[in-house]
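Notes follow once the structure below has been shown.
The values are calculated or read from the model by the stated rules, or taken from the named source; none is laboratory data. Every value quoted in this text rests on a predicted model; they were computed, and no experiment measured them. Virtual Cβ from ideal backbone geometry, glycine too; neighbours counted across all protein chains shown.
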Amino acid sequence: MTRDKIRLGIIGCGGIARGRHITGLTQLKRAGLDNFEVTAVCDTVEENVSAAAQYLQREQGANPEPFSDWQECLTRAPVDAVDICLPHGLHHVVGIAALEAGLHVVVEKPYTVTVKTGRQLAETADRTGKVLATAVPHRRMPGQRAVHWAINEGRLIGQPRMFFTEYTQWRPPPAPPSARAPSQTGAQSGAPAGPARTNWRHDRMMGGGAGVIDSGFHFLDTIRYFYGQPETVYAELRAFGPDGPAMRGAQIAEERENAAVIMISFENGVAGTWCWSFQIPGKETRNSVIYGSEGSIEDTGYSDRFSVYHLFMHVGELRRLDGTILSLGELEGRMRREIGPDRVQRLFPNGVTDHFATELWDFLDAVEHNRKPEVDGWGGLATTALVESIYESAYSGQAVKVADVLSGQTYHGWQRDIDDYWSQRPAPKLTRRAS
Ligand SMILES: NC(=O)c1ccc[n+]([C@@H]2O[C@H](COP(=O)([O-])OP(=O)(O)OC[C@H]3O[C@@H](n4cnc5c(N)ncnc54)[C@H](O)[C@@H]3O)[C@@H](O)[C@H]2O)c1
């Protein structure tokens, strides 16, 4: 790096950028992790740009240059790196253009909308030599760090064997996008407000699917983090409407799945289920447990429906055959003592535990020290292959090997029209006019 600080641009100033990214960046600065400055903000919605800019000015003393066009931003903004918080379908387009323009990139989950587009993005990072990070925050929460340690290093449940994750609930079907009230922006208090979110999630080319690819990307990254390389997937997805027949198989491509029964096996022998629906009336079920040869770890945060996507956010319990019971908090304490202060500092730099702050810090530190981030493009692609294995299995009614979906050998049709759409809209080659 030639300058003192990494100049960061934020592209897409919607819910997550304003609610968690820029607030996470403030937490970093307050903790003395101050190797960056936000120098540009970009969004097609002017109010989102100005809300983000005002917050950054007030909380970080920044004076970011506003842009409404991401190509202008990549060409003219005074930045070394960009944080892409855009709709899913734009992740690879803007990511590739940014890398080609010589910028480092962190891209929000779900990395990309297909395996093919994700491979193009990862290959571009390799070719340009720039840092590419996939933003997957939940593995960085103290709870998931502790469970990962307990399974893989502490070996507190012996040989991991199975997991069962299910959540069923009746929620009234969401109103059509146009009838929705403006969303409350800002997941954290003090986050800058702005207008309603857009409805791109209902567009298959932009969203890539529903729960499996969106919030589900978090769960799928977590199980890769816990158990390693996935092997085989069999998935049944459904779209239940209020009155009509249940959509399934290839029809799911025309609908948004709202129910899933999925079995996943791993190369290390672990097998598990991930089953959920928020459109099933009557009895509710909540269950999320990991079993090993010597015990179990349960996520007991059942009050939060997101527990089926975001494991071990709050509370949990480890039980061993020898009668030991540890809360998730006790487990975290044990991890911290056993891994020692240097590794604790790497996981929670200067005591920061907010998972959005630490994921951005990992990226910024990777840029500063020219190292790989914890989850790079290939790591993002590995989870995308698991996402698309679920969709390709549900589409075809067959079990699929994740390695075959990753290599492109299995391509039953789910991804085809999305790939066709984006192949006609390739990333533009941009020449930067800014230094
Ligand atoms: N890590 C998490 O827990 C988490 C949570 C929510 C969302 N996300 C991810 O963050 C990303 C954004 O989601 P969101 O919920 O903030 O959506 P959002 O709709 O609130 O924000 C997207 C923003 O992008 C802007 N935009 C759209 N097209 C644009 C374009 N061509 N040029 C410039 N700006 C454009 C929109 O105006 C909007 O402000 C998605 O990838 C989503 O999956 C992650």
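Go through (1) assigned to a helix (DSSP H, G or I); (2) among the β-branched types (V, I, T); (3) under 15 Å from L381 (Cα atoms) one by one and return the number of the condition V147 breaks.
(3)
If I filter the range 245-266 for residues that are farther than 30 Å from M206 by Cβ, in the same structural domain as E153 (by TED's automatic domain parsing) and in contact with a Pro (Cβ under 9 Å, 6 or more places away or on another chain), do I get at least one hit?
Keep residues of the range 245-266 that are farther than 30 Å from M206 by Cβ, which gives 265-266.
Filter once more, so that each one left must be in the same structural domain as E153 (by TED's automatic domain parsing): 265-266.
With the extra rule that they be in contact with a Pro (Cβ under 9 Å, 6 or more places away or on another chain), the set shrinks to 265-266.
Yes, some residue in the range 245-266 is farther than 30 Å from M206 by Cβ, in the same structural domain as E153 (by TED's automatic domain parsing) and in contact with a Pro (Cβ under 9 Å, 6 or more places away or on another chain).
Of everything in the range 51-93, what is within 12 Å of the ligand (Cβ to nearest atom) and either assigned by TED's automatic domain parsing to the domain that holds N199 or of a type in the set (S, T, N, Q) (or both)? Give them in sequence order.
S68, Q71
Hand me the list of helices (runs of 4 or more DSSP H) wholly inside the range 328-435 holding 3 or more residues that are under 17 Å from the mean Cα position of the chain (by Cα) and of a type outside the set (S, T, N, Q). Please lay out each step first, then the result.
Details: elements: 328-347, 355-369, 377-396, 402-407, 416-423.
Per the criteria, 355-369, 377-396.
For the range 1-54, enumerate the residues that are of a type in the set (S, T, Y) and under 21 Å from the mean Cα position of the chain (by Cα). Full working, then the answer.
The first filter runs over the range 1-54 and keeps only residues of a type in the set (S, T, Y), leaving 2, 23, 26, 39, 44, 50.
If the condition is that a residue be of a type in the set (S, T, Y) and under 21 Å from the mean Cα position of the chain (by Cα), then T23, T26 are the ones that fit.
Could you list all residues from the range 28-42 that are closer than 18 Å to Q71 by Cβ and either free of Cβ contacts under 8 Å to residues at least 12 places away in the same chain or within 16 Å of the ligand (Cβ to nearest atom) (or both)? Lay out the reasoning, then the answer.
Taking the range 28-42 first, the residues closer than 18 Å to Q71 by Cβ are 39-42.
Listed by number, the residues that qualify are A40, V41, C42.
Of all residues being among the charged types (D, E, K, R) and touching a strand residue (DSSP E or B) at 6+ places or on another chain (Cβ under 7 Å) in the range 298-333, which is modelled with the lowest pLDDT? Just the residue, please.
Of all residues in the range 298-333, those among the charged types (D, E, K, R) come to 298-299, 304-305, 317, 319-320, 322, 330, 332.
Next cut, touching a strand residue (DSSP E or B) at 6+ places or on another chain (Cβ under 7 Å) only: 298-299, 305, 317, 319-320.
Values: E298: 96, D299: 94, R305: 66, E317: 97, R319: 98, R320: 98.
Among those residues, the one meeting the criterion is R305.
Which one is farthest from the ligand (Cβ to nearest atom) among residues in the range 128-142 that are in contact with a Phe, Trp or Tyr (Cβ under 6 Å, 6 or more places away or on another chain) and outside any helix (DSSP H, G or I)? First the steps, then the outcome.
From the range 128-142, those in contact with a Phe, Trp or Tyr (Cβ under 6 Å, 6 or more places away or on another chain) are 133-134, 137, 139; that's our starting set.
Checking the rest, the ones that are also outside any helix (DSSP H, G or I) come to 133-134, 137.
On the way: A133: 13, T134: 10, P137: 5 Å.
For the range 128-142, the residue satisfying everything is A133.
So, of the residues in the range 1-27 that are surrounded by 23 or more Cβ atoms within 10 Å (Cβ to Cβ) and within 24 Å of R371 (Cα to Cα), which turns out to be farthest from the ligand (Cβ to nearest atom)?
Among those that are surrounded by 23 or more Cβ atoms within 10 Å (Cβ to Cβ) and within 24 Å of R371 (Cα to Cα), it is L8.
Cβ contacts < 7 Å: first residue closer than 25 Å to A403 by Cα, restricted to the range 253-281; second residue among the small types (G, A, S) and part of a loop (DSSP other than H, G, I, E, B), any location; separation 6+ or different chain. Result?
From residues that are closer than 25 Å to A403 by Cα, the pairs are E257/G209; E257/A210; E257/G211; A260/G211; F266/G228; E267/G228; N268/G228.
Go over the candidates D43, D83 one by one and state the one that is surrounded by 24 or more Cβ atoms within 10 Å (Cβ to Cβ), closer than 23 Å to E374 by Cα and of a type in the set (D, E, K, R). Walk me through it before giving the result.
Numbers: D43 fails: closer than 23 Å to E374 by Cα.
Criteria check complete, one pass: D83.
Six or more apart or on different chains, Cβ atoms under 7 Å: show the pairs whose first residue is in the range 132-161 and on the phi > 0 side of the Ramachandran plot and whose second is at pLDDT 95 or above.
Qualifying pairs under 7 Å: G158/G292; G158/S293; G158/E294; G158/G295.
Assess whether V261 counts as being surrounded by fewer than 18 Cβ atoms within 10 Å (Cβ to Cβ) and either in contact with a His (Cβ under 9 Å, 6 or more places away or on another chain) or closer than 21 Å to H412 by Cβ (or both).
Numbers: surrounded by fewer than 18 Cβ atoms within 10 Å (Cβ to Cβ): yes; either in contact with a His (Cβ under 9 Å, 6 or more places away or on another chain) or closer than 21 Å to H412 by Cβ (or both): yes.
Judged against the criteria, V261 is a match.
Among the listed residues P373, P341, P428, which satisfies the condition of being touching a helix residue (DSSP H, G or I) at 6+ places or on another chain (Cβ under 7 Å) and over 21 Å from K116 (Cα atoms)?
Numbers: P341 fails: touching a helix residue (DSSP H, G or I) at 6+ places or on another chain (Cβ under 7 Å); P428 fails: over 21 Å from K116 (Cα atoms).
That would be P373, the only listed residue that is touching a helix residue (DSSP H, G or I) at 6+ places or on another chain (Cβ under 7 Å) and over 21 Å from K116 (Cα atoms).
If we only count helices (runs of 4 or more DSSP H) wholly inside the range 1-106, which ones have 3 or more residues that are aliphatic (A, V, I, L, M)?
Working: elements: 22-30, 46-60, 70-76, 91-100.
Answer list for the range 1-106: 22-30, 46-60, 91-100.
If you go through the range 318-340 one residue at a time, do you hit one that is in contact with a Ser or Thr (Cβ under 6 Å, 6 or more places away or on another chain), surrounded by fewer than 22 Cβ atoms within 10 Å (Cβ to Cβ) and in contact (Cβ under 8 Å) with a residue 24 or more places away in the chain? Talk me through it step by step, then tell me what you get.
Just the residues of the range 318-340 that are in contact with a Ser or Thr (Cβ under 6 Å, 6 or more places away or on another chain), to begin with: 319.
Checking which are surrounded by fewer than 22 Cβ atoms within 10 Å (Cβ to Cβ) leaves us with 319.
Next, only the ones that are in contact (Cβ under 8 Å) with a residue 24 or more places away in the chain stay: 319.
Yes, the range 318-340 contains at least one residue that is in contact with a Ser or Thr (Cβ under 6 Å, 6 or more places away or on another chain), surrounded by fewer than 22 Cβ atoms within 10 Å (Cβ to Cβ) and in contact (Cβ under 8 Å) with a residue 24 or more places away in the chain.
Looking at the range 161-180, can you tell me whether even one residue there is in a loop (DSSP other than H, G, I, E, B) and at pLDDT 95 or above? Break it down into steps so the answer makes sense when it comes.
First pass over the range 161-180, keeping only residues in a loop (DSSP other than H, G, I, E, B): 169, 171-176, 180.
Filter once more, so that each one left must be at pLDDT 95 or above: none.
Checking the range 161-180: not a single residue is in a loop (DSSP other than H, G, I, E, B) and at pLDDT 95 or above.
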